[in-house]
């Protein structure tokens, strides 16, 4: 809580209340009660906004137990923390005073907005840090040829798909007739370039000697 | 214009059945034909009737003095504010600004019909004010922003954005 016993504290509160009927929002709340109780005596008439608010708060103070709780942990604007230029004159009220309108006064909404902004920036930075660097990937279409037309293509596909490597993701497959009743297995995959190479794949697949006669790269596309 | 205002007032008061109004004369003074009794003529007359009908007497002021102040501002709205010229606007705003310096509402510590009427009456003025002028008439702006946020009050009138502008450090008078 800001210091309500200092002139500076009251002045900054006066400035805060220039465009507000209540401490928080557009209706009386516990925030008004809290601030009212923090002010020892009725403010001087030169702090006209504060005086206006004070007299109004006094009018509903008896019903304070019915007032809603304040939404935020209300911090009274303190002249040292909120006003960027403390030498600027505050909002004077009498027409005799040669005052400038102090519009650099604390603005609670701005503080909150700033807090939210910092929070969001932190979250974004965290997300960015977790996000992996751009990985080079390729989409490869393989032609896997069996020995003959009696080769169990289903089993062959199973074998091919059983090949597991880090950075390898098997995709769709189809059987393409090549003649004489023989079908080749055309299967696609997506690989991370620095982890999986086509020769590795070919080697792994041709290891299934019982089913696989040869492997060819039908298509190779960088993603 | 007056009919929309009355309709808005009915909504604020929570009156279930909207009334049927007519107007008379070139100035389109609103008229409410009551089932029993003579017709009620005039914005203020009809509005006060609606307030009584909705059993919200506090909207007409608290105590004799409070009620007098409310009536004063209702009359101000209809006689001085409505139909005022551009030149008169400035003087009016100055007067309102100094009046509202130490007041949250026009009459007493609660909203009254005076605030509602003055809100409707000053809306067109406020819309046309520059940001600098809104800072200049800071009390009017404060009061206006407050009233337009009162729940159930603003219906057909556009909200006027009130932002404290940090650029203007003009002297205010």
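Side notes on the structure shown:
- Identification of helices (runs of 4 or more DSSP H) wholly contained in segment A:1-67 with 3 or more residues that are more than 11 Å from chain B (Cβ to nearest Cβ) yields A:7-16, A:30-38.
- Only a single criterion out of (1) within 14 Å of chain A (Cβ to nearest Cβ); (2) touching a helix residue (DSSP H, G or I) at 6+ places or on another chain (Cβ under 7 Å); (3) farther than 19 Å from residue A:25 by Cα is not satisfied by residue B:159, namely (3).
- Qualifying residue in segment A:112-122 (condition: within 30 Å of residue A:13 (Cβ to Cβ), part of a helix (DSSP H, G or I) and at pLDDT below 70): no
- The single condition among (1) over 32 Å from the mean Cα position of the chain (by Cα); (2) free of Cβ contacts under 8 Å to residues at least 40 places away in the same chain; (3) not in a helix (DSSP H, G or I) that residue A:203 does not satisfy is (3).
- Residue A:39 meets the conditions (1) surrounded by fewer than 18 Cβ atoms within 10 Å (Cβ to Cβ); (2) farther than 26 Å from residue B:150 by Cα in every case but one. The failed one is (1).
- Residue under evaluation residue A:78, criteria (1) more than 32 Å from the chain's Cα centre (by Cα); (2) closer than 27 Å to residue B:132 by Cα; (3) modelled with pLDDT under 90, criterion not met: (1)
- Lone unmet requirement of (1) within 17 Å of residue A:12 (Cβ to Cβ); (2) within 40 Å of the chain's Cα centre (by Cα) for residue A:37: (1)
- A count restricted to segment A:175-200 and to residues that are outside any strand (DSSP E or B) and surrounded by fewer than 17 Cβ atoms within 10 Å (Cβ to Cβ) stands at 9.
- Evaluation of residue B:55 against (1) at pLDDT 90 or above; (2) within 11 Å of chain A (Cβ to nearest Cβ); (3) in a loop (DSSP other than H, G, I, E, B); (4) over 14 Å from the mean Cα position of the chain (by Cα) (one fails), failing number: (2)
This table checks each residue for (1) modelled with pLDDT of 75 or more; (2) surrounded by 14 or more Cβ atoms within 10 Å (Cβ to Cβ); (3) within 10 Å of chain B (Cβ to nearest Cβ); (4) part of a helix (DSSP H, G or I).
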{"position": "A:74", "(1), (2), (3), (4)": "no, yes, no, no"}
{"position": "A:94", "(1), (2), (3), (4)": "no, no, yes, no"}
{"position": "A:98", "(1), (2), (3), (4)": "no, no, yes, no"}
{"position": "A:124", "(1), (2), (3), (4)": "no, no, no, yes"}
{"position": "A:139", "(1), (2), (3), (4)": "yes, yes, no, no"}
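- Across segment B:97-140, the number of residues qualifying as over 29 Å from residue B:54 (Cα atoms) and more than 14 Å from chain A (Cβ to nearest Cβ) comes to 4.
The values are calculated or read from the model by the stated rules, or taken from the named source; none is laboratory data. Keep in mind the model is a prediction, meaning the values are calculated, not measured. Every residue, glycine among them, receives a Cβ derived from its backbone with ideal geometry; neighbour counts consider all protein chains shown.
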